[in-house]
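Heads up: the structure comes next, in structure tokens.
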Amino acid sequence: MGSLFLQKGVLVWLFLFSLRFICGTKAQGTVFIDGKIAIGRIDRHFICATLDWWPPEKCDYGTCAWDYSSFLNLDLNNIIFLNAIKAFSPLKIRLGGTLQDKVIYQTEDHQQPCVSFVRNTTEMFGFTPGCLPLSRWDELNAFFNKSGASIIFGLNALYGRSVHPDSLSVGAWDPSNAESLIRYTVKKGYDIHGWELGNELSGSGVGTRVAADQYASDTIALHKIVKDAYENSETKPLVLAPGGFFDEGWFRELVNKAGASFDVATHHIYNLGPGRDEHLLEKILDPSYLDGEADTFSKLQNILKTSGSSVVAWVGEAGGAYNSGRNHVTNAFAFSFWYLDQLGMSAAYDTKTYCRQTLIGGNYGLLNTTTFEPNPDYYSALLWHRLMGRNVLATSFSGTKKLRAYAHCAKQSQGITLLLINLDGNTTIHPRVDFNGTMLHQQKHRHHHNHRKSSIKLPRSNKVASNTREEYHLTAKDGNLQSQTMLLNGKALIVDSSGNIPTFEPIYVNSTEAITVAPLSIVFVHIPYVLLPACS
């Protein structure tokens, strides 16, 4: 047993040794954390992912990346899929996407056949209208109950409207078909976390648009339907809108006119441009490009703060690169730089939930579209979910702009969790950590023979926890940013032969040792011995 422990310790030491010394350039700097008050408070279950309607015939730039990932045809018996959702306990899942505004819901007295989407390039969004069979809705809800998922359903907001040649959709929303689905759902006792109205119809819209004042009226109508349908229920689902791209004037008008009738303002993010962009990797590693999205978060936060309503902000859909993403970029290790930075930045602006496009489907799924095995961002999401608590701390880094730093109170434990993202391909960074102006522990760079003693993986105990921190170093297999295999502390994260999600084993580091962030790596650092007022 002692020999095994020593072997593990040596492996961990070798891993740290390689991180600290194989790369030539080193830099320091200070992570400043204001722990007096929280600057934001995320939902207990912040991580969310989407399932889409797209049929296999959905293709972009000559590539058809969706296969059978639509929630109309997804294999609900796949054990990896089940385990991947259960690991979050619960995972929020938003059901929606472009085609949701062309969906008819089958009713119990439905007279017309329930037909599938059919590819037709003359139709808006490239497909004819399709139908959600009640039998499939039953199957989905049985699966969601089994997996413990928390469901947000996107409703067809174009039902009953006419689209003018200038792309404006006019007339009031006809809620009759949506109401039939909602009432059927209540009757069957299915647990729905929220009902969302429409997809990408805000501002200038995608394909078509709806004016803000009309959308406000429609949202009020949805609120009344939900209130009436759930009159005898102990819990009532959230009402969400508009599920579209942020337009400051449009969103302000919606919130001001309908703020008492909905709970969540949802907006979508595809700030990296089209999936065919040859420069996606460069954008992901460019801190000034990443910073650009802060303007949207800030403006929406200001609208909600000044509205006097209780509406909160969610990112309802975010795939980074639109038109299905890009293979070996948005489903590879490199995308965790963008994704985790988005999670950290959005939380700092008091965003409550962040829905990733997609859980499965396209080239930006958290899971592989055909094998269901997790892509790197799945593990990034799960680590965030388990380590980052609700209270968000003001965090900044003085030093290279290539280091991104975020901090939260720790989840389900004392202390804080620090997220460090190194976008630099040549520089190892040793950040000091400063809390409210007080350096809590000296962090001197020591010769590597000291690391062997302090960085060995230790058994958990209260004694160990009092003077050690837990570190989770994420790197790409073979240093290839386009790899779809993520390494945690040097070990590949892969599901086992039974489809079980791997466990996350940290390394334990003495509090006197410097934090090390290797080039092009991501580190979660749980520091249990730091007790801050914001986390009390």
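The values are calculated or read from the model by the stated rules, or taken from the named source; none is laboratory data. None of these values were measured; they are calculated from a predicted model. All Cβ positions, even for glycine, are placed from backbone atoms using ideal geometry, and neighbour counts span all protein chains on display. Only protein heavy atoms, including side chains, enter the accessible area calculation; ligands, DNA and RNA are left aside. Shrake-Rupley method; radii C 1.70, N 1.55, O 1.52, S 1.80 Å.
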What is region 111-260 by shape, rounded, prolate or oblate, if you read a ≥ b ≥ c off the alpha carbon gyration tensor as root eigenvalues and call it rounded for a/c under 1.5, prolate for a/b larger than b/c, and oblate otherwise? oblate
Computed lengthening from Thr128 to Gln414, 0.36 nm per intervening residue step minus Cα-Cα distance: 97.6 nm
Mind ranking Arg252, Arg276, Arg386 by accessible surface for me, highest first, 1.4 Å probe? Arg276, Arg386, Arg252
So if we plug the beta-carbon distance of Ile37 and Ala211 into 1/(1 + (r/R0)^6) with R0 = 35 Å, what FRET efficiency do we get, rounded to 0.05? 0.35
Rounded to 5, percent antiparallel among DSSP beta bridges of region 42-390: 15
Degrees, to the nearest 10: 335-348 long Cα axis against longest axis of the chain: 80
Compute the helix-to-body angle for 212-229: its Cα long axis versus the longest principal axis of the chain, expressed 0 to 90° and rounded to tens. 90
Averaged per residue, what accessible surface does the chain expose to a 1.4 Å probe, in Å²? 40
Cross-link candidates for Lys102: which lysines have Cα within less than 19 Å, leaving aside residues fewer than 8 places away along the same chain? Lys58
Length-normalised contact order of region 158-225 in % [C-alpha pairs under 8 Å, at least 6 apart]: 33
Applying the gyration tensor rule to the Cα atoms of region 42-390 (axes a ≥ b ≥ c; rounded if a/c under 1.5, else prolate if a/b exceeds b/c, else oblate), the class is rounded
With both partners inside region 121-237, how many of the DSSP beta bridges are antiparallel, as a percent to the nearest 5? 40
Computed helical MRE - 222 nm, the chain, DSSP H runs ≥ 4 contributing -39500 (n - 2.57), nearest 500: -8000 deg cm²/dmol
May I ask you to derive the relative contact order of the chain, considering only C-alpha pairs under 8 Å and at least 6 residues apart, and to give it as an integer percent? 20
Beta carbons within 10 angstrom, averaged per residue: use that to sort the peptides 506-519, 168-181, 93-106, highest first. 93-106, 506-519, 168-181
Nearest 0.05, what FRET efficiency do Leu168 and Asp291 give at R0 = 30 Å with Cβ-Cβ as r? 0.35
From most to least accessible, 1.4 Å probe, no ligand or DNA/RNA atoms counted, Ser310, Ser380, Ser217, Ser167 line up as Ser310, Ser217, Ser167, Ser380
Could you pull the accessible area for Lys227 with a 1.4 Å probe, rounded to 10 Å²? 120
Cα to Cα, under 18 Å, and not fewer than 8 places away if on the same chain: which aspartates and glutamates meet these conditions relative to Lys187? Glu108, Asp109, Asp138, Glu139, Glu179, Asp228, Glu231, Glu234
Roughly how many percent of the accessible protein surface of the chain is carbon and sulfur, given a 1.4 Å probe and a whole-percent answer? 50
Between Glu139 and Arg183, the FRET efficiency computed from the C-beta separation at R0 = 22 Å comes out, to the nearest 0.05, as 0.70
Taking Cα atoms only, helix 376-387 is inclined relative to the longest principal axis of the chain by an angle, in degrees rounded to 10, of 80
